[in-house]
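The values are calculated or read from the model by the stated rules, or taken from the named source; none is laboratory data. What you see is a predicted model, and the numbers here were worked out from it, not measured in a lab. Glycine also receives a Cβ, built like all others from the backbone with ideal geometry; neighbour counts cover every protein chain displayed.
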Amino acid sequence: MSAAATTENKPAAPAIEKIKVKVDGREIEVPRLIADWSGKLTPTTMIQACELAKTEVPHYCWHPKLPVVGNCRMCLVEFGTPALGPDRKPVLNPDGTPKIAKSPRPAISCATPVSPGMEIYTKTPAVKQMREGVLESLLINHPLDCPICDQAGECKLQEYSVDYGQSASRFVEAKVHKPKAVDLGPRIMLDAERCILCTRCIRFTRDIAGDDALGIINRGSYNTIATFPGAPFDNNYTLNTVDVCPVGALTSKDFRFQMRAWFLKETKSVCTSCATGCNILIGSREEKIYRYTPRDNDAVNASWMCDAGRLNYKWIGRADRLQDVWVRGQKSSWPAAIRELADKLKQAPAGSVAIIASARQTNEELWLLAKLKARLGALSDAIPREGESDKLLVSADRNPNTNGARLTGICFTEMGINLVKIADGIASGKIKTLIVFGENIVKRAVAHDKLRERETISEVVDEHGITAELLGKLDALIVSDILPNETTRLAHFVLPGAAPAEKRGTFTSGKGRVQKFMKAVEAPGVARAEWEFLQELVHHVTGQNNGLTVESLFNQMAREVAAFNGLTWQALGDTGVTVQI
Amino acid sequence: MSFQATPQLEAEVNELISHYPVKRAASLMVLHAIQEQFGWISQEAVQWTAKKLDLQPINVFEILTFYPMLRQEPQGKYQIKVCRTLSCALGGAYELHHHFCAKLGLDAHKHGPQTTSDGKFTVEFVECLASCGTAPVMMVGEKFYEGVSHAKADEIMGGCK
Amino acid sequence: MAQEYKLILKHADEPGYTPDMECYLRHGGYQALKKALALPVKDLPDGKKLSGPEQIREDVKVSGLRGRGGAGFSCGLKWSFVDRKSGKPIYLICNADESEPGTFKDRQIIHKDPHQLIEGMIISCFANDVKLAYIYIRGEMPEGARILNQALKEARAKNFLGKNILGTGYDLEMHVHRGAGAYICGEETGLIESLEGKRPYPRIKPPYFPAILGLWMCPTIVNNVETLCNVKHIVTLSGAEFAKLGTPNNTGTRIVSLSGQVKRPGYYEIEVGKATLGELINDPKFGGGLREGRRLKAIIPGGSSSKVLKAGEKFKLKKKDAEGKEILVETDVLDLPYDFDSLAQAGTMSGSSAIIVMDDSVDIVGALANLSEFYAHESCGQCTPCREGSLWMNRTLQRLTHGEGRRQDADYLGKIADNIPGGRTICAFGEACSWPVQSFLAKFKDEFVAKGAADEARRAQSISGAAAGTSVAPVAPH
Ligand SMILES: Cc1cc2nc3c(=O)[nH]c(=O)nc-3n(C[C@H](O)[C@H](O)[C@H](O)COP(=O)(O)O)c2cc1C
Ligand code: SF4
Ligand code: SF4
Ligand code: SF4
Ligand code: FES
Ligand code: FES
């Protein structure tokens, strides 16, 4: 199996020779070689040249991130190459231009390499006729149930039929019937009648996910996508097959029949379920999130994401979200709470405050917390979150912003080693105020003395000694979180925060990719983006003004934090920038 | 039921695998070997084959379902394959197929192999058997018959005990 | 006067000739191999040296041998494309899938003279530095597979195969691989995939030309049984002598499979181009003519995939006149010399050299429906136009032969067929399945229209369509 193609940490590629070709009469220069799905340099194909020339060639089976199979025949084009005389020299037209010998046969543009001087014709009557023919063939056994199809609006069959098809089918024969609702696995349904047998799903799971679980059974017109009977299609990447499926044959059980795709607003964001930071689109409508889908980023996730990350959004819409500001068990307001907190913190003796942040917070938020830390002489740390990594995308680090926490100085290289000190400080009465962001610290606490028996630090980081009992000793427990939990229930101050989908900000991925994400939906109630109230708090406590927008905060942070020097919010673009970590 | 490979089959399969630098290439030959011994290829046999060849079961299932000679369920004791294609059809293959079906109580218009209720015969129309000059032709099991008249057909059936 | 010329089948049908090694050796077997292995390095006038294998390859080019599998591509040229610099092993596969309807010539060689094939293969392997070769035989020839396995065993025992063959230091192993009922395994890249243990989906070319990226992505030669047998005779005779057989550019002999409605169906080996279609059908030495009272209607000249020829059709054939000038000569279909080039000029092909003869008792629509069913059954289904088109054509034709025709079906059918060939599909099956339809329609359109019209008329009188023509056999029972 091969990992997703990324441009990450690659040595500078050697300069690639350019060649000139013509696409529909327009001359362009294209590189002779282009990285294929596996990252290997291979001869540039016609379809790639056409893409570079901004000429659309309709295609089904071709996918830039998958091996080429050339089975759908939708991308057929006509072409010519410079004619050679008997002396193997180019034959010239009277005007001195090279004479082009048009090939008598068409070629699939997805698999045919370009050569110098080649002319590609994508708009001739013959090409048009071939496309119509392929479309007509694909439609003859297709159920044409677009009105109830989940892919409607994102279906290449629908789209190309409008763009390249002919209006009426001549087909009068009985259609081939195939299974309509096949349970392929826990997350995927197959409608074999809608399938156009492009094999993208097979190639994805075999060549990208490394799970050779899908195949085609039977023969000819009866060909059908299938798993081996009794072997469900179940790996952590199955839902990508829904994305690569050009028609509505594969559907996500999670998204099926939920919402028409064209009603969804799509917001550029980043997955927060591990340190990889897969780029995603959040599909939402009327402040409700319906799905996550991967967004291309060759430096991070190619075009993929894992199923676990993709489905990890439901909690955002939970009814029991924290929606109000609470101060000592009473509903309060942001101005009142922030004022009281600022006063409290300003008066706190050095070293009497500790901060436990979350590596799920954004760079900006962590940086603002670091400012408080500096002003208060506070101990700080964050909570590590470990799982198993895999060969494709998933990182063992299940925090999206461990590097942000490190680079902003919230924690040390080894996250969690300060937790023992913080527990000690609370136990000894030195630490009176604890600020906790986005972590239900009580959940993983182990009784203090028991923890002492553990030998190594690394055991301690996962389980710390900050128990509910210990928290009871504090004068002030200030907690910001999104969902209620044991820690928020113990808190004196509860500050309702926003899910990443509800705010803007940046994360620094496990590989040092600084990536921004946009706001898809509104936070419920008075819940606010943490950076918003944190910058108010920092302003009140330190007197600094770091800006009122996430852009200005980021730009200021970039000036102050060495690793981010030189970055600007704008320069991050949609796919981020890699920094030295 | 679970699939039990006999030592003899194991040995045969190991020999077959040795014919190829890549194990997977032995798939088709292994399936033939299994079918020769058991008469058909069960899902368990597919799993066994996949394991033997370091493949996923779907890899084997994909080819099992492609080739009509490979069977996914038990077949009649005698498998009659009548060539259907043009030269044989010109030589009376349809009538011959009809003759078998009529004699054995099968439906001549049905597609695919059909087995008699007593499990003795499976009758099937197949494509050109590469003996078009002696049409109509047919096979019973691995035996080949040429220029089959209806009388000869009866004789062949009679010979199937 | 045309006559048989037995080169490949010289001994096969002699009384007492058996497929075993002893018999083959008694008839001069493996002498060509010995000669090939012993070829001394040859000094060329320009100072270059030609090794034995290079000399054989050269000689195969000189012989003009064209592939006997269907496409008629120059064997010498095919071998010259083999990537010999890749450092990867080179494989050779004998295509013994013989599945093109109408064809039954390879069967004769395999069953009756397997050692001839094996000798031809060993020489071809030696010539191409092949160390491992396969014979891909169709699944429906279990007896053939057994005979070949036995022959291979005998050849190993005599050290014609195995390590250090006859002390020359050359190693070669060879195995039989059986198909399981799929015409598409005859297409060389489908065959390769099948051999690799995958679904026999033909590969896209580019990039997967067998000579460069064939079996296991290594350079691979795929040749037909008869082609490989010919290599033995080229070594025996020399390329130049071989080229004297047959006609220019159509050298050697071919085994013609003759079937359908002639008195003497069977296989006949002729010098290529030295007999006409008419002679093959009517000459008492060959087909012996049609059955009493019957007239010729149509000829499928090169296996079911070739375009049909109609009785009485005339073609303009290029010929050289007395002064060597090229002229066009009007030629009746029966006077077409049976070779690659003449049939190509007649808009069809000699393909697998299988002639299917149809007389005037044949229902032409039924005959096409029969072939169409074959193609619908055999399409691998990988690429769109063929997968859907082959079934669509068949459904239409079955409707037409079951009394449900329409007047416009001939045009309808033609449009479907036109969407398949001409490079739109991955492999030549696209052409194979659409050419019969296109050519039947082009030449017998009136019969298709009449059938549709009759069905319409009958339906208009609300007579059940099933009342007529339920038989799907292309001929009325006789
Ligand atoms: C659909 C299809 C089926 C074919 N079947 C056969 C076959 O059964 N036997 C054969 O020798 N060649 C067959 N061929 C031709 C092979 O692809 C290939 O050209 C041939 O084996 C090359 O051998 P030759 O050059 O010796 O003729 C078939 C081709 C196609 C497109
Ligand atoms: S299910 Fe979708 S991706 Fe898979 S082969 Fe069918 S159309 Fe292609
Ligand atoms: S790999 Fe990580 S970042 Fe990517 S989708 Fe999965 S959990 Fe999210
Ligand atoms: S043309 Fe037909 S047989 Fe050939 S690859 Fe395409 S679907 Fe398969
Ligand atoms: S995109 Fe399917 S053949 Fe090129
Ligand atoms: S058509 Fe029956 S053997 Fe060829």
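Within the range C:354-365, is there a residue that is farther than 30 Å from C:D339 by Cβ and facing chain A (nearest Cβ under 9 Å)?
Filtering the range C:354-365 down to residues farther than 30 Å from C:D339 by Cβ leaves C:363, C:365.
Those left that are additionally facing chain A (nearest Cβ under 9 Å): none.
No - not one qualifying residue is present in the range C:354-365.
Tell me yes or no: at least one residue of the range B:105-113 is touching a helix residue (DSSP H, G or I) at 6+ places or on another chain (Cβ under 7 Å), charged (D, E, K, R) and within 8 Å of another protein chain (Cβ to nearest Cβ).
No - not one qualifying residue is present in the range B:105-113.
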Checklist entry - Does C:A182 fit the bill of being within 14 Å of chain B (Cβ to nearest Cβ), of a type in the set (A, V, I, L, M, F, W, C), free of Cβ contacts under 8 Å to residues at least 40 places away in the same chain and under 24 Å from C:S257 (Cβ atoms)? => result no
Checklist entry - Which residue pairs have Cβ atoms under 7 Å apart, sit 6 or more places apart or on different chains, and have a first residue in the range A:282-295 that is closer than 18 Å to A:N236 by Cβ and touching a residue at least 40 places away in the same chain (Cβ under 8 Å) and a second that is assigned to a strand (DSSP E or B) and of a type in the set (V, I, T)? => result A:T293/A:I280; A:P294/A:I280
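Just wondering, is there one or more residues in the range A:233-248 that are near ligand 2 (Cβ under 10 Å from one of its atoms), outside any loop (DSSP other than H, G, I, E, B) and surrounded by fewer than 24 Cβ atoms within 10 Å (Cβ to Cβ)?
Here is the first cut: in the range A:233-248, the residues near ligand 2 (Cβ under 10 Å from one of its atoms) are A:241-248.
Next, from what is left, pick out any that are outside any loop (DSSP other than H, G, I, E, B): A:241-244.
Checking the rest, the ones that are also surrounded by fewer than 24 Cβ atoms within 10 Å (Cβ to Cβ) come to A:243-244.
Yes.
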Checklist entry - How do the pairs read when you match residues in the range B:140-151 that are farther than 24 Å from C:I147 by Cα and more than 11 Å from every other protein chain (Cβ to nearest Cβ) with residues anywhere that are crowded, with 16+ Cβ neighbours inside 10 Å and among the basic types (K, R), using Cβ under 7 Å and keeping only pairs 6 or more apart or on different chains? => result none
Next on the checklist: Checking the conditions here, which among A:V134, A:V91, A:V114 is within 15 Å of ligand 2 (Cβ to nearest atom), among the β-branched types (V, I, T) and either within 16 Å of C:N419 (Cβ to Cβ) or in the same structural domain as A:E51 (by TED's automatic domain parsing) (or both)?
Outcome noted: A:V134
Item to check | When residues of the range C:157-188 are limited to those that are within 19 Å of B:I17 (Cα to Cα) and not in a loop (DSSP other than H, G, I, E, B), the one nearest to ligand 3 (Cβ to nearest atom) | outcome: C:H177
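Only one residue in C:Y91, C:Y136 is under 18 Å from C:T227 (Cβ atoms), in contact (Cβ under 8 Å) with a residue 24 or more places away in the chain, touching an Asp or Glu at 6+ places or on another chain (Cβ under 7 Å) and within 14 Å of chain B (Cβ to nearest Cβ), so which one is that? Before you say what the answer is, go through the steps one by one.
Values: C:Y91 fails: touching an Asp or Glu at 6+ places or on another chain (Cβ under 7 Å).
Exactly one of C:Y91, C:Y136 is under 18 Å from C:T227 (Cβ atoms), in contact (Cβ under 8 Å) with a residue 24 or more places away in the chain, touching an Asp or Glu at 6+ places or on another chain (Cβ under 7 Å) and within 14 Å of chain B (Cβ to nearest Cβ), namely C:Y136.
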Checklist entry - Would a scan of the range A:132-150 turn up a residue that is more than 10 Å from chain C (Cβ to nearest Cβ) and under 23 Å from A:Y237 (Cα atoms)? => result yes
Checklist outcome for this item: Considering only strands (runs of 3 or more DSSP E) wholly within the range A:174-225, the ones with at least 1 residues that are within 16 Å of ligand 4 (Cβ to nearest atom) and closer than 21 Å to C:H377 by Cβ are A:215-217
Checklist entry - Could you say which residue among C:K105, C:K88, C:K6, C:K35 is under 30 Å from C:P265 (Cβ atoms), assigned by TED's automatic domain parsing to the domain that holds C:L228, out of contact with any His (no Cβ under 9 Å at 6 or more places or on another chain) and of a type in the set (D, E, K, R)? => result C:K105
Next on the checklist: Give me the residue from the range C:28-47 that is out of contact with any strand residue (DSSP E or B) (no Cβ under 9 Å at 6 or more places or on another chain) and charged (D, E, K, R) and, out of that set, farthest from C:I122 (Cα to Cα).
Outcome noted: C:D46
Item to check | Flag for C:I192 being part of a helix (DSSP H, G or I), of a type in the set (A, V, I, L, M, F, W, C), within 18 Å of the chain's Cα centre (by Cα) and within 30 Å of A:I202 (Cβ to Cβ) | outcome: yes
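Rundown of residues vs (1) small (G, A, S); (2) surrounded by 22 or more Cβ atoms within 10 Å (Cβ to Cβ); (3) more than 11 Å from ligand 3 (Cβ to nearest atom); (4) over 17 Å from A:R504 (Cα atoms), yes/no style:
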position: A:L366; (1), (2), (3), (4): no, yes, yes, no
position: A:A370; (1), (2), (3), (4): yes, yes, yes, yes
position: A:E386; (1), (2), (3), (4): no, no, yes, yes
position: A:L393; (1), (2), (3), (4): no, yes, no, yes
position: A:T408; (1), (2), (3), (4): no, yes, yes, yes
Checklist entry - (1) touching an Asp or Glu at 6+ places or on another chain (Cβ under 9 Å); (2) closer than 22 Å to A:A226 by Cα; (3) at pLDDT 85 or above: which one isn't true of A:G133, the others all being true? => result (2)
Checklist entry - What number of residues in the range C:251-273 are closer than 18 Å to C:V308 by Cα and either away from chain B (no Cβ under 11 Å) or of a type in the set (S, T, N, Q) (or both)? => result 3
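How about the range C:270-387: which helices (runs of 4 or more DSSP H) wholly inside it have at least 2 residues that are over 17 Å from the mean Cα position of the chain (by Cα)? Let's see the steps before the verdict.
Values: elements: C:277-282, C:340-345, C:364-378.
Result: C:277-282, C:364-378.
Looking for whichever is modelled with pLDDT of 95 or more and either in contact with a strand residue (DSSP E or B) (Cβ under 8 Å, 6 or more places away or on another chain) or within 16 Å of ligand 1 (Cβ to nearest atom) (or both) here; the options are A:P67, A:P58, A:P43, A:P90. Which one fits? Show your work before the answer.
Values: A:P67 fails: either in contact with a strand residue (DSSP E or B) (Cβ under 8 Å, 6 or more places away or on another chain) or within 16 Å of ligand 1 (Cβ to nearest atom) (or both); A:P58 fails: either in contact with a strand residue (DSSP E or B) (Cβ under 8 Å, 6 or more places away or on another chain) or within 16 Å of ligand 1 (Cβ to nearest atom) (or both); A:P90 fails: modelled with pLDDT of 95 or more.
Result of the check over A:P67, A:P58, A:P43, A:P90: A:P43.
Within the range A:395-406, which residues are near ligand 3 (Cβ under 10 Å from one of its atoms) and in contact with an Asp or Glu (Cβ under 9 Å, 6 or more places away or on another chain)? Break it down into steps so the answer makes sense when it comes.
Just the residues of the range A:395-406 that are near ligand 3 (Cβ under 10 Å from one of its atoms), to begin with: A:395, A:397-398, A:400.
Across the range A:395-406, the qualifying residues are A:D397, A:R398.
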Checklist entry - Do any residues in the range C:366-379 that are over 20 Å from C:E447 (Cβ atoms) and at the interface with another protein chain (Cβ under 7 Å from one of its Cβ atoms) have Cβ atoms under 9 Å from those of residues that are of a type in the set (K, R) and assigned to a helix (DSSP H, G or I), where the two are at least six apart or on different chains, and which pairs are they? => result C:A376/C:R395; C:S379/C:R387
Checklist entry - Is it true that C:C433 is within 16 Å of ligand 5 (Cβ to nearest atom), outside the structural domain of C:E100 (by TED's automatic domain parsing) and at pLDDT 95 or above? => result no
Item to check | Considering residues of the range B:1-39 that are within 13 Å of another protein chain (Cβ to nearest Cβ) and among the acidic types (D, E) only, the residue nearest to B:Q72 (Cα to Cα) | outcome: B:E36
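Among the residues of the range A:174-186, write down those that are buried (at least 17 other Cβ atoms within 10 Å of the Cβ) and either away from ligand 2 (no atom under 14 Å from the Cβ) or within 14 Å of chain C (Cβ to nearest Cβ) (or both).
So the first thing to find is which residues in the range A:174-186 are buried (at least 17 other Cβ atoms within 10 Å of the Cβ), and the list is A:176, A:178, A:182, A:184-185.
The answer is A:V176, A:K178.
Of these, A:P67, A:P43, which one is surrounded by fewer than 21 Cβ atoms within 10 Å (Cβ to Cβ), in contact with a helix residue (DSSP H, G or I) (Cβ under 6 Å, 6 or more places away or on another chain) and of a type outside the set (D, E)?
Details: A:P43 fails: in contact with a helix residue (DSSP H, G or I) (Cβ under 6 Å, 6 or more places away or on another chain).
Answer to the selection: A:P67.
Which one is nearest to the other protein chains (Cβ to nearest Cβ) among residues in the range A:214-236 that are touching a residue at least 24 places away in the same chain (Cβ under 8 Å) and out of contact with any strand residue (DSSP E or B) (no Cβ under 7 Å at 6 or more places or on another chain)?
Residues of the range A:214-236 touching a residue at least 24 places away in the same chain (Cβ under 8 Å): A:214, A:221-227, A:232-236.
If we keep only those that are out of contact with any strand residue (DSSP E or B) (no Cβ under 7 Å at 6 or more places or on another chain) too, we end up with A:221-222, A:235-236.
On the way: A:S221: 4, A:Y222: 7, A:N235: 12, A:N236: 17 Å.
Checking each candidate, the answer is A:S221.
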